[in-house]
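Let me begin by presenting the structure, written as structure tokens, before commenting on it.
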Amino acid sequence: MSSFQRAAGEQGRQFAEQCDLLLEQSGFRLGGRVRLRDLGVEIDREAVSPSGRTVWFEYKGSVQGTRPGLLRTDTVKKAVANGALLAALPEHPPFILLTSHVPTRGGALAMLSTAEALGYFGEVICIYDPVEAARLRQL
């Protein structure tokens, strides 16, 4: 494994820890990963909101890098694909995307906006934006 891959893996773990901490501080009870083998989708974290609602979270972020979070189109495509596949289920918990960075222009923004309009995500939340992170308390 290259040093780049090791560093990326470590940054992903650090971001996941930050997401978990934010969810706990927002009153969520954390569960584990969810594997939907029939769809080929793996949910990063299932959690129960303070209101008792089950929610599925996907984590897309990093604390470093030149294009972290959803700034890379390939990262957005992975999240959109998961949301589209989940849309095939008759029912499922809200699917929330937690990220470190949200695109403001270009192809990544276009893909993300289209997926949101199609209802693939319940929310897209930048965990480093206090206003956006506060929306977690409303789930």
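The values are calculated or read from the model by the stated rules, or taken from the named source; none is laboratory data. Since the model is a prediction, treat every value here as computed from it, not as a measurement. Quick reminder, even Gly has a Cβ in these numbers, built from the backbone with ideal geometry, and neighbours come from all protein chains shown.
Mind checking which residues of region 99-122 are within 20 Å of R72 (Cα to Cα) and out of contact with any helix residue (DSSP H, G or I) (no Cβ under 6 Å at 6 or more places or on another chain)? Across region 99-122, the qualifying residues are T104, R105, G106, L109, A110, S113, T114, E116, A117. Just one of the numbered conditions (1) outside any helix (DSSP H, G or I); (2) in contact with a strand residue (DSSP E or B) (Cβ under 6 Å, 6 or more places away or on another chain) is not true of H92: (2). Condition check: closer than 29 Å to G107 by Cα and of a type in the set (G, A, S). Does G52 satisfy that? Considered against the rule, which asks whether it is closer than 29 Å to G107 by Cα and of a type in the set (G, A, S), G52 comes out as no. Across region 85-139, the number of residues qualifying as of a type in the set (A, V, I, L, M), surrounded by 15 or more Cβ atoms within 10 Å (Cβ to Cβ) and touching a Ser or Thr at 6+ places or on another chain (Cβ under 9 Å) comes to 8.
Summed over region 36-70, residues that are outside any strand (DSSP E or B) and crowded, with 21+ Cβ neighbours inside 10 Å total 4.
The C-beta contact set for region 10-22 (first residue in a helix (DSSP H, G or I), second residue among the β-branched types (V, I, T) and at pLDDT below 95, distance under 6 angstrom, 6+ apart or interchain) comprises Q11/V63; Q14/V63.
Just the residues that are more than 22 Å from E132 (Cα to Cα) and among the aliphatic types (A, V, I, L, M), please, taken from region 77-98. Selection gives A81, A84, L85, L86, A87, A88, L89.
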